[in-house]
């Protein structure tokens with residue numbers, strides 16, 4: 001027997017402790033893998049450590065159909081203005097295109113506006129055109145900042161470290177010989 005998804009309005013509420021398993025299960029359904037070690041600490045932080053709770057859940061007909069994890073930072077990367085960071089957004093595949101993500105973001109924006117927070121940031125993989133399109137339709141634009149990343153153990157990074165160590169050893173050897181070449 002095939003059951004159809006529940007219908008009705010999207011109800012958005014604050015994330016609660018009882019939502020942890022549902023969020024992890026929904027994320028696994030969306031991503032195709034169980035990311036419990038990633039999500040559980042993020043959800044716990046959102047519930048226990050956040051001074052201002054802004055993470056949300058969406059339900060339709062009493063069924064958990066979406067969630068977003070966000071936090072508010074008062075000063076990030078040297079900026080003094082508060083900024084909200086949207087970390088994770090998930091909508092049940094059976095409800096895609098039904099306004100789940102939009103409903104979650106609308107409520108988040110209303111909550112942030114009431115708090116006087118004027119900036120909401122997120123990151124999206126450049127290789128994810130569906131999510132890029134969704135955020136574009138939601139009014140997100142590329143930020144004036146660049147996110148930089150590096151592999152701390154890449155061959156180039158190792159070569160730079162080895163060069164610096166060799167230079168430091170050479171400088172230390174020069175200093176111990178009074179600046180005279182040894183030999």
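The values are calculated or read from the model by the stated rules, or taken from the named source; none is laboratory data. The model shown is predicted, which means the values in this text are computed figures rather than measured ones. So basically every Cβ, Gly included, is an ideal-geometry build from the backbone, and we count neighbours across all protein chains shown.
Descriptive notes on the structure:
- Candidates 172, 125, 114, 159 - the one that is surrounded by fewer than 11 Cβ atoms within 10 Å (Cβ to Cβ), touching a helix residue (DSSP H, G or I) at 6+ places or on another chain (Cβ under 8 Å) and either over 27 Å from residue 84 (Cα atoms) or assigned by TED's automatic domain parsing to the domain that holds residue 28 (or both): 125
- When 118, 33 are checked against the criterion of being free of Cβ contacts under 8 Å to residues at least 12 places away in the same chain, outside any strand (DSSP E or B) and at negative phi, a single residue qualifies: 33.
Yes or no, residue by residue, for (1) closer than 23 Å to residue 58 by Cβ; (2) in a loop (DSSP other than H, G, I, E, B); (3) at pLDDT 90 or above:
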position	(1), (2), (3)
110	yes, no, yes
132	yes, no, yes
147	no, yes, no
151	no, yes, no
166	no, no, yes
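- As a summary of the residue check, residue 53 satisfies the conditions (1) in a loop (DSSP other than H, G, I, E, B); (2) under 28 Å from residue 146 (Cβ atoms) except for the one numbered (2).
- None of 29, 40, 35, 13 is out of contact with any helix residue (DSSP H, G or I) (no Cβ under 7 Å at 6 or more places or on another chain), over 23 Å from residue 74 (Cα atoms) and modelled with pLDDT of 90 or more except 13.
- Matching option when the condition is closer than 14 Å to residue 120 by Cα and in the same structural domain as residue 130 (by TED's automatic domain parsing), among 48, 36, 59, 81: 81
- Pairs are defined by a Cβ separation below 9 Å, a sequence spacing of at least 6 or placement on different chains, a first member in segment 43-63 that is closer than 21 Å to residue 83 by Cβ, and a second member that is assigned to a strand (DSSP E or B) and at pLDDT below 85; the pairs so defined are 51/74.
- Looking only at residues in segment 60-90 that are closer than 23 Å to residue 135 by Cβ and more than 15 Å from the chain's Cα centre (by Cα), the one that is surrounded by the fewest Cβ atoms within 10 Å (Cβ to Cβ) is 77.
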